[in-house]
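To start, the structure itself, in structure tokens.
The values are calculated or read from the model by the stated rules, or taken from the named source; none is laboratory data. This is a predicted model, so every value here is computed, not measured. A quick note on method: Cβ atoms are made from the backbone with ideal geometry, for glycine too, and the neighbour counts reach across all protein chains shown. Side chains included, ligands, DNA and RNA excluded: accessible areas come from the protein's heavy atoms. Shrake-Rupley method; radii C 1.70, N 1.55, O 1.52, S 1.80 Å.
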Amino acid sequence: KAFPIDVRRKAQLMWSSARLNAWRKGILFDLTQQWLALKISAGRCAVTGIPFDLIGSLGTARELFGPSLDRKDPTEGYTVENCQVVVWIYNCAKADGTHEDVLRMAKALLETEKAKKRKRQAALRESAALEAENKQERAA
């Protein structure tokens, strides 16, 4: 069942999860629930500008465009300087990589899609030309 996400509750869950991860990894943690709530309330991904999907399930299910905590440098801790709130799909694409890795993938994906579109358009033009030629032959 879909329902509006309580920003404070989402911030609390993200904070608890990040704090546990930091403790397990033995890395620095200085985030506050208030900082996270403020970032979620901003309503947009810090990297892409895509609006957060704040309607969804709060449990273990993830919303592709829901808020997610990203460490800019995955080798560093959970600090205000190193963290940003992004859409979950961006965070998945980045994983342990860098923003530049995501850009490389996105550029390749766009180029592939453009090439497919050009091929489809060329095939349509060829098909239209053949149809026009057949029409002329039938008329003659």
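Applying the set (1) closer than 20 Å to Ala106 by Cβ; (2) part of a strand (DSSP E or B) to Val47 leaves exactly one unmet item: (2). Ser68 falls short on exactly one of the conditions (1) surrounded by 13 or more Cβ atoms within 10 Å (Cβ to Cβ); (2) in a loop (DSSP other than H, G, I, E, B); (3) of a type in the set (S, T, N, Q), and that condition is (2). Checked against (1) of a type in the set (Asp, Glu); (2) within 30 Å of Asp30 (Cα to Cα); (3) loosely packed, with under 15 Cβ neighbours inside 10 Å; (4) modelled with pLDDT under 95, Glu133 passes all but a single condition, namely (2).
Residues are listed down the side, and each one gets a yes or a no for (1) open to solvent by less than 80 Å² (accessible area, probe 1.4 Å); (2) part of a helix (DSSP H, G or I); (3) touching a helix residue (DSSP H, G or I) at 6+ places or on another chain (Cβ under 6 Å):
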position: Gln84; (1), (2), (3): yes, no, no
position: Cys92; (1), (2), (3): yes, yes, no
position: Gly97; (1), (2), (3): yes, no, no
position: Met105; (1), (2), (3): no, yes, no
position: Ala108; (1), (2), (3): yes, yes, no
position: Lys114; (1), (2), (3): no, yes, no
position: Ala122; (1), (2), (3): yes, yes, no
position: Arg125; (1), (2), (3): no, yes, no
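Would you mind stating whether Gln34 is open to solvent by 60 Å² or more (accessible area, probe 1.4 Å), within 15 Å of Met14 (Cβ to Cβ) and out of contact with any strand residue (DSSP E or B) (no Cβ under 8 Å at 6 or more places or on another chain)? Taking the combined requirement at face value, the residue satisfies it.
When the range 1-28 is limited to residues that are open to solvent by 50 Å² or more (accessible area, probe 1.4 Å) and of a type in the set (Phe, Trp, Tyr), the one that is modelled with the lowest pLDDT turns out to be Phe3. In the range 52-63, is there at least one residue being hydrophobic (A, V, I, L, M, F, W, C), open to solvent by 20 Å² or more (accessible area, probe 1.4 Å) and farther than 28 Å from Arg24 by Cβ? Yes, the range 52-63 contains a residue that is hydrophobic (A, V, I, L, M, F, W, C), open to solvent by 20 Å² or more (accessible area, probe 1.4 Å) and farther than 28 Å from Arg24 by Cβ.
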